[in-house]
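The values are calculated or read from the model by the stated rules, or taken from the named source; none is laboratory data. This one's a predicted model, so the numbers in the text were calculated from it and none came from an experiment. Counting neighbours? That spans all protein chains shown, and the Cβs are built from the backbone with ideal geometry, glycine included. For the accessible areas, the whole protein counts, side chains as well, though only heavy atoms, and no ligand, DNA or RNA atoms are used. Shrake-Rupley method; radii C 1.70, N 1.55, O 1.52, S 1.80 Å.
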Amino acid sequence: MVLHESIFHVPSGFKTLGSPPATAEIDLLIAIVQSNITGLASVVDAVSLPSGPSYGQYLTAAEVAEYVKPPADSLSAVMDWVTPHVASVKPFSPAGDILQVSLTVQQAEGLFNTKFSTYTHPATGQGMIRALNYSLPSTVQQHILHVHPIISFAPHPQRVSQNTVYKRKATLDRRQLAPCEDIIRPVCIQEYYGIPNTTISGSLTNTIGVAGYNAASLGEYANEDDLATFLNEFRPDIAGNTFSVALLNGAQNLQDNSGGLEGQIDIQYTVGVAGNVPTTYVLDEAAGDAATSYMDTINWLLSQEDPPTVFTTSYANEESDLTQSVSTSVCNGYMQLAAIGISMIFASGDGGASDNIQGCTSFVPMFPSTCPYVTSVGGTFFQPPTAFASSAGGFSNYFPVPSYQAADTAAYLESIGDEYSGMYNANGRGFPDVAAEWEVFIVNEGSVTSAGGTSCASPIFASFIALVNDRLIAAGKPVLGFLNPLLYSTGKGGLDDVTVGQSRGCSGSTGGWNSAAGWDPVSGLGTPDFAGMMSALGI
Ligand SMILES: *[C@@H]1O[C@H](CO)[C@@H](O)[C@H](O)[C@H]1NC(C)=O
Ligand SMILES: *[C@@H]1O[C@H](CO)[C@@H](O)[C@H](O)[C@H]1NC(C)=O
Ligand SMILES: *[C@@H]1O[C@H](CO)[C@@H](O)[C@H](O)[C@H]1NC(C)=O
């Protein structure tokens, strides 16, 4: 047996509750080496770069599977080793590169030569059976990337919405006419970003997916009555529109909802902004950790006949919650979705440069935003255009800077000199990529209330892209797919740069990144400009 992965101590704050029962059942994911992941990366470049040889010519999921399926000898080596020692083994990912094994703690301790303990997460109370290291047989090690979750202590995906501090009170009978400075609602977003009311292509396959996670513990549901009230009030021209629901791992989208902002924001600012774009709420109730949840959604997208063209997620985790090996697997999943032409859009997070950790000595990057195959959305105010202090951003400690943004991040870093040196990885992938309005009004439990966070910005940006796709389809062109190679090149004309504002850092209320001309790690390249994007795309 050879040591495969280890950490030296339990992440801070976790409590150890001792040994789990030897007969306790656990599920582990075994990620096997993939056939040709570097080949897939070059395919993604070719289909996503506007100057690429096959721009817009996306692969099918079956074609992608050929790149990521395990080589036959690797699969048989792993199967021969695990099968006698586990209760069950089955493919977890559609290509079979990730296997799910169910086994007892005692079996796992033997198989991986380790010792499990039960831990509880300080903030969420979530219980986890984990170990500090694991080993693999030397004959099998070369075939396995990692086994998960053993040494990863990530909680569930964390929602990034919040009640706004402003909690502005709306005069009820006048709110449709209120200035946008007082009540930000879909019409304001349409007006500021030039987003049209509705689709024109008639396409039924240009759709938006909206992620939801762990509703049973987070209490986040998308409520149909609240959406109806919201549209009646603020989008009477599309009143009656609704959404469909995909439920994963026993999730339920309960309608006897008593609050929860995230599900409401995410549905109301997709259905309510991307007029007539079919929208699906994809709710996952996975019992595992964040990486498993993100992978569930990836697997669902890869197995749809007509997956959404745009997918928005307002959940995030600190990058260091996940090990580098697991983050890389999840990010390779987003690479697969890039290859089939899905725009994966994520809220950057609401903790500024530091994830609200006072007195930190280094800035805190957020995942999945740090994966170079997703588009990360920070937060801004409309008037005057100013970056939101809580807009998370910075540089990855796991993923190197991708070539599509290298000149932009280098220019920003050059402009700040050695400010904050040592507090971030200057060679890392920079995020967010873009930004959008962070505070909006929603209907929750029947009443109009303000809500905020990059949670709002991500569905708004996704709606913008869905309507851009609609115009592309109407013009007989392919949808945008993975956005970043476009956004950092010819697509810059479809974004308005935000140059004012600063994010929160490690000390006090300021001390984070400054917004600046060009890309910056608070507002990215800027906010949507529909007309600008139309002309950048030549339509
Ligand atoms: C990997 O994929 C690339 C891109 O499609 C291809 O050119 C290359 O031949 C593939 N390599 C192998 C070993 O299959
Ligand atoms: C593995 O973790 C155990 C504690 O669970 C520890 O006693 C042991 O020294 C670790 N081994 C290595 C090689 O890190
Ligand atoms: C959008 O809808 C509103 C309300 O029905 C209408 O006043 C406005 O003119 C429409 N805008 C466009 C560009 O069609």
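Miscellaneous remarks
- Taken over region 409-419, the residue count meeting the criterion of being out of contact with any Asp or Glu (no Cβ under 9 Å at 6 or more places or on another chain) and open to solvent by less than 40 Å² (accessible area, probe 1.4 Å) is 3.
- Of the residues making up region 506-539, those that are in contact with a Gly (Cβ under 6 Å, 6 or more places away or on another chain), modelled with pLDDT of 95 or more and either among the aliphatic types (A, V, I, L, M) or open to solvent by 20 Å² or more (accessible area, probe 1.4 Å) (or both) are V522, D529, A531, M533, A536.
- Whenever a residue of region 180-202 is in the same structural domain as C456 (by TED's automatic domain parsing) and at positive phi, its partners that are open to solvent by 60 Å² or more (accessible area, probe 1.4 Å) and away from ligand 2 (no atom under 16 Å from the Cβ), lying with C-beta atoms within less than 6 angstrom and at least six residues away or across chains, give the pairs G194/A531.
- Inter-residue pairs, beta-carbon under 9 Å, first away from ligand 3 (no atom under 16 Å from the Cβ) and in region 112-123, second charged (D, E, K, R) and open to solvent by 30 Å² or more (accessible area, probe 1.4 Å), 6+ apart: K115/E109; F116/E109; Y119/K15; T120/K15; H121/K15; P122/K15
- In the set (1) of a type in the set (S, T, N, Q); (2) open to solvent by 40 Å² or more (accessible area, probe 1.4 Å); (3) touching a residue at least 24 places away in the same chain (Cβ under 8 Å); (4) within 30 Å of Q106 (Cβ to Cβ), S74 fails one condition alone, (2).
- Against the conditions (1) closer than 30 Å to L29 by Cβ; (2) more than 19 Å from the chain's Cα centre (by Cα); (3) surrounded by 24 or more Cβ atoms within 10 Å (Cβ to Cβ), V277 satisfies every one except (1).
Matching residues to (1) in contact with a helix residue (DSSP H, G or I) (Cβ under 9 Å, 6 or more places away or on another chain); (2) open to solvent by less than 10 Å² (accessible area, probe 1.4 Å):
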{"site": "A426", "(1), (2)": "yes, no"}
{"site": "G430", "(1), (2)": "yes, yes"}
{"site": "V434", "(1), (2)": "yes, yes"}
{"site": "V440", "(1), (2)": "yes, yes"}
{"site": "E445", "(1), (2)": "yes, no"}
{"site": "C456", "(1), (2)": "yes, yes"}
{"site": "A475", "(1), (2)": "no, no"}
{"site": "G494", "(1), (2)": "yes, yes"}
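- Residue, surrounded by the most Cβ atoms within 10 Å (Cβ to Cβ), within region 1-54, restricted to residues that are hydroxyl-bearing (S, T, Y) and free of Cβ contacts under 8 Å to residues at least 12 places away in the same chain: S54
- Residues that are within 30 Å of K477 (Cα to Cα) and open to solvent by 20 Å² or more (accessible area, probe 1.4 Å) within region 337-382 comprise I340, Y373, listed in sequence order.
Residue by residue, here is whether (1) outside the structural domain of E437 (by TED's automatic domain parsing); (2) assigned to a loop (DSSP other than H, G, I, E, B); (3) closer than 24 Å to M128 by Cα holds:
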| residue | (1), (2), (3) |
| --- | --- |
| P307 | no, yes, no |
| S325 | no, no, yes |
| M335 | no, no, no |
| A353 | no, yes, no |
| G359 | no, yes, no |
| Y373 | no, yes, no |
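- The residues of region 230-260 that are touching a residue at least 40 places away in the same chain (Cβ under 8 Å) and open to solvent by less than 60 Å² (accessible area, probe 1.4 Å), listed by number, are F230, L231, E233, F234, R235, I238, A246, L248, N253, N257, G259, G260.
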